[in-house]
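**Student:** Just passing along the structure, written as structure tokens.
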Amino acid sequence: MAVLKPRNRLVYFRVSEEEFQLFTSMCQAEGARSISDLARVALQRLAQEHKGNSEDIFLEKLRLINEALNQLWQKVQGINGQLDPATAEAAQNCQLSAPRYLSEVFFDGTKNR
């Protein structure tokens, strides 16, 4: 059977005798064929956690931007209410829907205010 993703890169690191014994027993407990397989799986899990954390941070920043846009939008609406009727009508015709759009796309239509 052909290998779909050949592993041709080596990573070396030293461990103490106690760590070696621990990793050997972990291989048996986890069903890993070798310490190399155990280390690969552990590093893959760590990489996935890091990726998940990065996505969480991005979504939180996006939520904060959306919240700031909503607050700005409310201030613009308040200013529009203070304008004379002709100016308010012209401003109403130029309104953007960015805060509402971000909420719908990124937060399932719910606004986080």
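**Student:** Residues in region 41-54: is at least one within 30 Å of Thr24 (Cβ to Cβ) and among the acidic types (Asp, Glu)?
**Tutor:** Within region 41-54 (the criterion being within 30 Å of Thr24 (Cβ to Cβ) and among the acidic types (Asp, Glu)), the answer is yes, since at least one residue qualifies.
Listed here are the residues, each with its yes/no results for (1) assigned to a helix (DSSP H, G or I); (2) loosely packed, with under 13 Cβ neighbours inside 10 Å; (3) small (Gly, Ala, Ser); (4) modelled with pLDDT of 85 or more.
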position: Cys27; (1), (2), (3), (4): yes, no, no, yes
position: Ala32; (1), (2), (3), (4): no, no, yes, yes
position: Leu46; (1), (2), (3), (4): yes, yes, no, yes
position: Ala91; (1), (2), (3), (4): yes, no, yes, no
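The values are calculated or read from the model by the stated rules, or taken from the named source; none is laboratory data. Every value quoted in this text rests on a predicted model; they were computed, and no experiment measured them. When we count neighbours, we look across all protein chains shown, and the Cβ atoms used for this are built from the backbone with ideal geometry, even at glycine.
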